[in-house]
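The structure appears below as structure tokens.
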Amino acid sequence: MTEDSAESDVAHGVVLDFLPHGRSDADEPQYRRSPVIYAVGTEHFSLYELTLGDDADVSIGDRIQLRPDFDSGIERGRQVEYEDLSDGAQSELEYVIEEIVTADERRFVDFFTEAQPVSLRMHQLNLLPGIGDKLRDNILDARKRGPFESFEDLESRVSGLHDPKSIVVDRIRAELTDEDLKYRIFVGS
């Protein structure tokens, strides 16, 4: 395994909530419950419930390693659905998604440059909230003049497109919370 492929196997997440006394719906008495954190993956926005050991030192907003091995102090974990998150994790999720999108701006700006048709009648750009056929065509015309460099560049070059970062954040949130969405752009299954 080369160093590049080993590095690509590493996955990180951001802590959304910390429950020092474990989940309140657990069958065990409170004194026997292990601390739990909820986290969101930074690459595919997978949601996790992670059980901590006594030696764990984790706080809300911390960046943690999820793969190939958990950070020290994390004993085990599992992927969960949005409904399984604590109320605190649900309320923190949008802010963390926005931070992830801001930190990895190039990846999400490249989506606007590289998006392709999904079918003869549907384009990936139309899956973003607020982007209809006219705005999609404006984006497609603007990207013919070269790739977009930033959200600011995207907004300045595409007539009618306002706050593209918020559009991406809204789509990611919808993909996490709406089980009935047919297409997923950013959230892995």
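In the set 84, 110, 71, only one residue is free of Cβ contacts under 8 Å to residues at least 60 places away in the same chain and touching a strand residue (DSSP E or B) at 6+ places or on another chain (Cβ under 6 Å); that residue is 71.
In the set 19, 47, which member is at pLDDT 95 or above and not basic (Lys, Arg)? Talk me through it step by step, then tell me what you get.
Numbers: 19 fails: at pLDDT 95 or above.
The conditions single out 47.
Against the list (1) out of contact with any strand residue (DSSP E or B) (no Cβ under 9 Å at 6 or more places or on another chain); (2) among the small types (Gly, Ala, Ser); (3) closer than 19 Å to residue 170 by Cβ, the condition residue 89 fails is (1).
With respect to the conditions (1) closer than 11 Å to residue 129 by Cβ; (2) crowded, with 16+ Cβ neighbours inside 10 Å, residue 166 lacks only one, and its number is (2).
The values are calculated or read from the model by the stated rules, or taken from the named source; none is laboratory data. These numbers come from a predicted model, not from an experiment. Using ideal geometry, Cβ is built from the backbone for each residue, glycine included, and neighbour counts are taken over all protein chains shown.
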